[in-house]
1. Excluding residues fewer than 8 places away in the same chain, name every one of the lysines whose C-alpha is closer than 17 Å to that of Lys43.
2. With the crude spin-label approximation of a point 7 Å out along Cα→Cβ, what separation in nm comes out for Arg137 versus Arg119?
3. Cut-off is 10 Å between beta-carbons; in what order do Ile62, Ile23 appear when sorted fewest neighbours first?
4. Calculate the spin-label point distance for Gln144 paired with Leu192, positioning each point 7 Å from the Cα along the beta-carbon direction, and give it in nanometres.
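Derivation of every value follows stated rules applied to the coordinates shown; laboratory data play no part. Everything quoted here is computed from the prediction, not taken from an experiment. Cβ placement follows ideal geometry from the backbone for every residue including glycine, while neighbour counts extend to all protein chains displayed.
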Amino acid sequence: MSSDFEGYEQDFAVLTAEITSKIARVPRLPPDEKKQMVANVEKQLEEAKELLEQMDLEVREIPPQSRGMYSNRMRSYKQEMGKLETDFKRSRIAYSDEVRNELLGDDGNSSENQLIKLREERAHLLDNTERLERSSRRLEAGYQIAVETEQIGQEMLENLSHDREKIHRARERLRETDANLGKSSRILTGMLRRISWMPDTVPSY
């Protein structure tokens with residue numbers, strides 16, 4: 001079950017990385033290319049949502065005692081999805097302003113164009129800040145996964161150690177039993193030999 005979840009995780013990571021890259025490019029593309037890029041990002045966002053739904057279904061199938069780690073990861077991925085959608089909305093707003101600018105024949109020197117440039121710079125700063133925040137969250141999630149994996153490994157080692165001790169004690173008991181059986185066999189053999197050496201006595205009348 002976890003292998004299916006991890007496969008979806010890898011697909012989600014690759015897809016969101018592509019979406020992030022494309023969102024950052026949207027405001028700087030020519031109008032025709034921007035339209036195509038916006039449509040492409042919308043499609044990939046839908047694919048990412050479908051992956052999240054599949055991951056949700058996988059988590060529900062995991063036993064409750066093992067579900068906590070995967071639930072935490074799902075919360076992180078849903079937060080990341082929300083950020084991507086927010087970034088995409090901001091990118092589309094910048095896109096719409098630029099198209100309107102071009103249709104009006106703005107030469108780039110008006111106050112409106114300067115305002116758009118300021119908006120773009122602010123959007124880029126916000127994007128960089130949010131990317132740093134997402135990277136920090138991923139590092140924290142990775143650290144948490146490493147800690148949980150180490151704990152699971154430690155528990156497995158302890159269980160193996162207990163099992164090894166049980167096997168060792170069982171072997172010792174088996175050796176003792178073999179020794180006792182051997183001793184009993186020797187005693188019985190000696191008794192049979194003594195019986196066979198005893199002369200037959202017939203009672204006289």
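1. Lys22, Lys34, Lys35, Lys83, Lys89
2. The two pseudo-label positions are separated by 2.6 nm.
3. Details: Ile62 16, Ile23 24.
Placing the least packed residue first, the sequence is Ile62, Ile23.
4. 7.1 nm
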